[in-house]
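Working notes, structure below.
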Amino acid sequence: MTATTHDDAHHHEAGYGGLRRWLFTTNHKDIGTLYLLWSLAMFLVGGAMALVIRAELFQPGLQVVDPYFFNQMTTNHALVMIFGAVMPAFTGLANWMIPLMVGAPDMALPRMNNWSFWLLPFAFAILLATLFMPGGGAAGGWTMYPPLMLQTGDAFPFIIFAIHIMGISSIMGSINVIATILNMRAPGMTLMKMPLFVWTWLITAYLMIAVMPVLAGAITMLLTDQYFGTTFFSAAGGGDPVLYQHIFWFFGHPEVYILILPAFGIVSTIIPTFARKPLFGYSSMVYATASIAFLSFIVWAHHMFTVGMPLAGELFFMYATMLIAVPTGVKVFNWVATMWRGAMTFETPMLFAVAFVILFTIGGFSGLMLAIAPADFQYHDTYFVVAHFHYVLVTGAIFAIMAAAYYWLPKWTGHMYDERLGQWHFWLSTITVNVLFFPQHFLGLAGMPRRIPDYSVQFADWNLVSSLGGFAFGLSQLIFVWLVIKCARGGQRAEARAWEGAEGLEWEVPSPAPHHTFDTPPAVR
Amino acid sequence: MAQAQGSYYVPHGSYWPIVGSVGITSLVVGMGLYLEGSTWGPYLLALGAAVLVVMIVGWFGDVIREGVGGLYSDQVDRSFRWGMVWFIFSEVMFFGAFFGALFYARTLSVPWLSGADPETSRYIWDSVVLNWPTAGPGNTAMEFEPMGPWPLPTINTLILLTSGVTITIAHHALKANERLRLIGFMWATVALGTLFIGLQAYEYYEAYAHLNLRLDTGIYGSTFFMLTGFHGMHVLIGTIMLAVITLRCMRGHFRPEAHFGFEGVAWYWHFVDVVWLGLYIFVYIL
Amino acid sequence: DFGLLNMTEGVTESSRQIYDLHMRIFWITVVIGLVVFGAMFYSMFRHRKSRGVKPAQFHHSTAVEIVWTVIPLIILVSMAVPATRVLIDLEDTSDAEMTVKVTGYQWFWGYEYMGEDVQFFSRLDEASNRARQLGSGIDPSSVDNYLQNVDRRLVLPVDTKIRFLITAEDVIHSWWVPDLGWKKDAIPGFVNQTWTVIDEPGVYRGRCAELCGRDHGFMPVVVEAVAQDEYEQWLAGQRGDDGEAARTAAVDGDDAGARLAAR
Ligand code: HEA
Ligand code: HEA
Ligand code: CUA
Ligand SMILES: [Cu+2]
C-alpha cells in the first residue's frame, strides 16, 4: 500500500512528507489506507485477546487468567473487534473505493474525513489503557449492562468516554459517506446505477448516524447514574436496569447490520466479477438492503427474550425478527443466481466471497433459530449465541473484508498479490474457522453459558477442539499479514482492470490508483 | 444534482483535526480523572477545552477564509448542507434516547413498580403507589415539587418561538440584502437565546433552592434535568454560533445568494427550537 | 464428551415442546441449506470458465424474485405458529400449586418457599470451589460434578405446577436449568415470573446464565425433584431448627452478608 507514495509524492501539492503527510492528510486514499492498516492492527489486538479467552477455555479449571481478567478480555475483545477492526475496515474501504466508484475527486468533506480517522487511535489508546488502571478495564461484556457495569473500577469514565469518541468518529465518517454519495457522483451516475457496495454503504451510514447517538445516550446515562445520582437504571429511583438494555439494543441490533451490510455490498461486487456475469436482481438487492435496514430498527428486543417482557412484546419482536430472513434470503438467492450459468474462476477474492455466502447463511440460520422466542429461552446466553454471531461476524464480516482486500489490493498497490499465499490463507482460514466455531453450537446446546472462564468437565472435549481451531485460525491470519506486506513491496504489476470480469469506474483508472483521480468527472455509460 | 461542476475544492493537509483529537482526549481524560477524584483532572479538562476552542477557531477560520476567498463551488456548498442535515439528524437521535427513557419510565417501569406488576410491587416495594412525577419506590420519603409549565417554561417557549421568527426575518433580510435589518434581528435572536439560558438557569436555581428538585430526585429528576440540561447546552452552543454568525454578518461575509454558514446555524437553531417543543409537551405539560 | 451435540429434551412438557420447536426449525434450515448450497455447488462445478462455458447474461426475473420472497414467508409462518403456541403456554403462570422465590446474589442463589417459612442460600460446593482457584493444581475431573454442585439443593416435588418468582439483590443474574426448558433473568428491583411442572424425579443441574461479575461462572443451580410425599417430608424437616439455623445465618451475615458488604 505504501508503494503509491513515491509515485505521487512529487505532485502532492501540500508538500507534507513523512509522518506529517499521514497526520494532516485530506486525501481519501491516504485516509482509506490509514483506516485499513488500523483495522488490521486492531484485528490482531482483538484476536490476541480472543486467544487469551481460548487459552483459558482450552481445558477445565483456571490455568491462565483470573476470572475478572477473563471478563475484561471478553469485553475488550468484542469492543476492539467491532469498533476497532470491522467498522474501520469498512470505513477504510468506503474511503478508498466510494469516490472511485462514483467518479468523485475525493470525499465530500475531506478535512472532517481526516478527523474521523484520527479520533480512533486516541479513543483506543484510552480504551486499552483502562486495562491497566486500578480495578481493571471494562468487564461487564461489550453490552455493558447495569448494574454490573457500575461496579467497574477507576476505569469506568474512561471506558464511557472512549466509546463516545468512537461514536463521534463513526458519525462523522458516515456523514461524509452520505454527503459523498448524494453529492459527488459523476454526471450520469444515477442512484440506480451505483455499484451495490455504494448502495449498501449509503444505507449503513444512515443506520450509523441513527444509532450511534443512541448508544452515546445510553452510556451517558450510565455515567450520570454512576456519578451524578440519576436513577435511569435503578428500580429504587423508578428506573429499570432493563431500560438500559432496550436503549442499548436499539443501537445494538442495527449495529450488527452495520457490520454486515457493507459486506453484502462487497460480495455483490465480487461474485459478478468472477462469474463474468452481471449481478442478478440489482434492484431487488437495493430494496432488500433497505428492508433489512428498516426492520433492524424494530427487532431489538430479541436480545432480551428472557428479561421478562410482556407476551405481546415477545411475540412482536419474534415475528419482526423472523421477517428479516426474507430480504436476506433474497440476497442469498440473488448471489446464487448470479453464479448460475456464469463462467467462474476461483481466485482468492471469489473463494472468500463463496465461503461468505455459505457460512454467513449458516450463521443466519442459527440467527433464525434464536429468533424463536421460546427456543431462545434455552439458547440465550449460551455458546450457541456465540457460535451464531461469530459465523455472521467472522465468516461474514471478516471474510468479506478479506475478500475485498484481495480484490482491490492490485488497485491499491499496483501489484498482484501472491495468489498461492492467498489460496493457502483461504483454505487454512476456512477449515480452521469451522473447527473454531462449529463446535460452539454443540457446546451451547449442551448447556455451556457464555462469558465464563471455566466450565464443568462434560464441555471439555469440544472446547479443546474449538481452542485448537482458534490458535490455528489466528496463525493463519499471519499469512495474510505477510501477503499484504509482500504485495505492497512488489510483485507482478497489476493492470488497470486487474480482473478480467471486473466492472466499474475504479477499474478505469490505472493501478495503483493515482493520488488524485477524477479531478474532472468521468463519463458514465 | 449529482454533477461535479468544475473541480471540487479539496483542502490541502490540515493539522486542525489532529489538534482536535489531542484536545478532545485531554478533555475527556481530564473529566475522567476529575470524576475519579484526582486533583489533576480539572486542569487537564480545562487544557483540553482550551485546545478545542483553539481548534474550532482555527478550523472554522480556515473554512471562512476559503469560503470568503471564493474557493467553494455550489457543489461544496451542497456537501456542507448534507453534512449539516445529517449532523442534526444524529442530534435528534441523541435526544431520542433520553425521550425514550422518559417514555419508558412513565409508561412501563413506574407503573410496574407501583402495582401494574403485582409481584414486583408486592414483594419488593411493599405495594407502594407511585404517580408521575415520582422519585421512585425507594425514595418515597423524598419530598419534592415537580416543575410545572407555568410560568418560566411557557415564557421560555415563547422566547424560543419568537427567536425562530426573528432569525427567519433576519434570513429574509439577508436575502434581500438589507444589512441593517439583518444585523438588528440577528442580535435580537442572540438576545433571546441568552435570555432563554438565563431563565433556564433561574429555573434550575428555583428547582434546587425551593422545590427540592435535583438531578438525583429519582427518575423524575433524572429525566427532567438530563433532557432540559442537554437541551440547554444546545441552546448555549446555538447562541454562541448565532453570535459568531452575527459578527460575520457585520463583516459582510455573506452574500444574498451564498450564505451557507448562516443557514446552517439557522437550521440548528430551529432544531433546538423543535426539541424544546417536545420538552415543553412531554416534560412540563403531560 | 464428544457425544454432547444437541439440546436436552428435558423433563417437562415445556422443555419437550421447546426441543420439538428447536428440531423443527433446525431441520427446516437444513433442508433450505441443502437446496441453496446444492444449487450453488452444482453451479460451481458446472459453470466454470475452465470447462469452457460462455457466461449467460441474464440478470433479472421478477417471477423468480417473487417466488423466492413468498416461499420463505410461508416457511416462516409455519414456524411462527407453533412458536406462538408454545410461548403463550410458557407465559401462563396461573393455577400454580406452590411458589418458590429465587433471588440472585453475587455469587450464589437464595431460595424461599413462599408461605412455608423455609428459605436458604445455595452456593458452589466446597470441592469445586477449591479446585476452581487459579492454578489450584486440582484436576477438575477428579471433583464430583465439578462446578455443577451446590451445598444445598433446591428440592422440588414432581407433577406439581410450581411458580417461580425470580429477582436479584445486586446485579442481573439469570436462573437456568436446561432440563426445565427455560432461563429467566433475575433483575434487581423487579420480579419475574415463570413456572414448571417436573415429570420425573431426578437431579437437574443448571447455572447462572447472565454475566454477573467475577464469579458468574461459579454459581450453579441444582434442582432435586422428588415425589410429592418425599417433598412434604423434606419441607417439614426444613421448618425445624435446621431451617432456623439457615435463616439466621442469612440474616446476620455469614459470608452472604459479608460478601454483599464487601462489594
Ligand atoms: C453481522 C452481525 C449479525 C447478523 C447479520 C445477524 C443476523 C441475525 N441475527 Fe444475530 N447476533 C449478532 C450479530 C448478527 N446477527 C450478535 C453480535 C449477537 C449477540 C450479541 C450479544 O449478545 O453479545 C446476535 C444475537 C442474536 C440474537 C439474540 C440471541 C440471544 O442472545 O439469545 C438473535 C435472536 O433473535 C439473533 C437473530 C438474528 C437473525 C434472525 C438474523 C438474521 O439477519 C439472519 C438472516 C439470514 C438468514 C436466515 C439466512 C439466509 C436466508 C435464506 C437462505 C432464506 C430462507 C431462509 C428461511 C426462510 C429460514 N441474533
Ligand atoms: C467482528 C467481531 C468479532 C471477531 C472478528 C471475533 C473473532 C474471534 N472471537 Fe469473538 N466475540 C465478538 C466479536 C468478534 N469475535 C463479540 C461481540 C463477542 C461477545 C463479547 C461479550 O460477550 O461481551 C465475542 C466473544 C467471543 C468469545 C466468547 C467469550 C465469552 O463468552 O467469554 C470467544 C470464545 O471463544 C471468542 C473467540 C473469538 C476468536 C477465537 C476469534 C478469532 O476469529 C480471532 C482471530 C484472530 C487472531 C487470533 C489474531 C491474529 C493473530 C495473531 C495476533 C498472532 C498470534 C497468533 C497466535 C500465536 C496463534 N469471541
Ligand atoms: Cu449470576 Cu451470572
Ligand atoms: Cu439482534
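The values are calculated or read from the model by the stated rules, or taken from the named source; none is laboratory data. In this text, all values refer to a predicted model and were calculated from it rather than measured experimentally. Neighbour counts run over all protein chains shown; Cβ positions are idealised from the backbone, glycine included. These area figures cover heavy atoms from the full protein model, side chains too; ligands, DNA and RNA do not enter into them. Shrake-Rupley method; radii C 1.70, N 1.55, O 1.52, S 1.80 Å.
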Using the beta-carbon distance between residue B:40 and residue B:267 and R0 = 35 Å, what value does 1/(1 + (r/R0)^6) give for FRET efficiency, to the nearest 0.05? 0.35
May I ask you to list, by number, the DSSP H helices of chain C whose Cα span along the axis is at least 20 Å and whose average Kyte-Doolittle hydropathy reaches 0.5 or more? C:13-46, C:62-90
Identify which of B:45, B:180, B:130 has the largest mean-square fluctuation in a Gaussian network model of chain B, with springs joining Cα atoms closer than 10 Å. B:45
Label-point separation (nm) for residue B:277 and residue B:181, each offset 7 Å from Cα along Cα-to-Cβ? 2.5
Given a 1.4 Å probe and the protein chains all in place, what does the accessible area of residue B:34 round to, in Å² to the nearest 10? 120
So how much accessible surface do B and A hide from each other in total, probe 1.4 Å, in square angstrom to the nearest 100? 5600
Residue B:59: accessible area at probe 1.4 Å, nearest 10 Å²? 30
To two decimal places, what compactness ratio does chain B give when its Cα radius of gyration is scaled by 2.2 N^0.38 Å? 1.21
Using label points projected 7 Å from each Cα along Cα→Cβ, tell me how many nm separate residue C:5 and residue C:71, to one decimal. 2.7
Backbone HN-Hα couplings from phi across segment B:189-198 [Karplus 6.51/-1.76/1.60, Hz, Gly and Pro as x]: 5, 4, 5, 4, x, 4, 4, 4, 4, x
Could you work out [θ]222 nm for chain C from helices alone, using -39500 (n - 2.57) per DSSP H run of at least four and dividing by all its residues? Round to the nearest 500 deg cm²/dmol. -12500 deg cm²/dmol
What are the DSSP H helices in chain A that stretch 24 Å or more along their long axis, judged by alpha-carbon atoms, and whose average Kyte-Doolittle hydropathy comes to at least 1.0? A:28-56, A:156-183, A:196-227, A:348-371, A:460-489
Per-residue ellipticity at 222 nm for chain A, helices alone: DSSP H runs ≥ 4 residues times -39500 (n - 2.57), over residue total, nearest 500 deg cm²/dmol? -22000 deg cm²/dmol
Given a Förster distance of 41 Å, report the FRET efficiency between residue C:116 and residue A:312 from their Cβ-Cβ distance, rounded to the nearest 0.05. 0.75
Residue-averaged 222 nm ellipticity for chain B, from DSSP H runs of 4+ at -39500 (n - 2.57), nearest 500: -23500 deg cm²/dmol
A student asked for the Cα radius of gyration and Dmax of segment A:50-128 in angstrom ought to give 18.3, 58
Rg over Rh, two decimals, segment B:1-72 (C-alpha only, Kirkwood Rh): 1.24
Once the Cβ-Cβ distance between residue A:192 and residue B:158 is put in as r, and R0 is 56 Å, what FRET efficiency do you end up with, to the nearest 0.05? 0.75
Taking the Cα centre of each part, how many Å lie between segment C:34-59 and segment B:200-223? 69
Taking only the alpha carbons of segment A:30-507, the radius of gyration and the largest Cα-Cα distance, Dmax, both in angstrom, are 21.7, 68
Using only the alpha carbon atoms of segment A:190-293, find the Kirkwood hydrodynamic radius as the inverse mean reciprocal pair distance, in angstroms to one decimal. 15.8
Find the Rg to Rh ratio for the protein assembly as shown, where Rh is the Kirkwood radius over alpha-carbon pairs and Rg uses the same atoms. 0.98
So, in nm, how far is label residue C:142 from label residue B:49 when the simple model puts each one 7 Å beyond its Cα toward the Cβ? 6.2
Mind counting lysine pairs for me in the protein assembly as shown? Cα separation below 15 Å, and the two need to be 8 or more apart along the chain or on different chains. 7
Heavy-atom accessible area of residue B:126 with all protein chains present, probe 1.4 Å, nearest 10 Å²? 130
Given the convex hull over the Cα atoms of chain C, what projected area results after averaging over all orientations, in nm²? 21.3
If you line up the Cα atoms of segment B:1-143 on their principal axes, what length do they span on each, largest first, in Å? 72, 48, 22
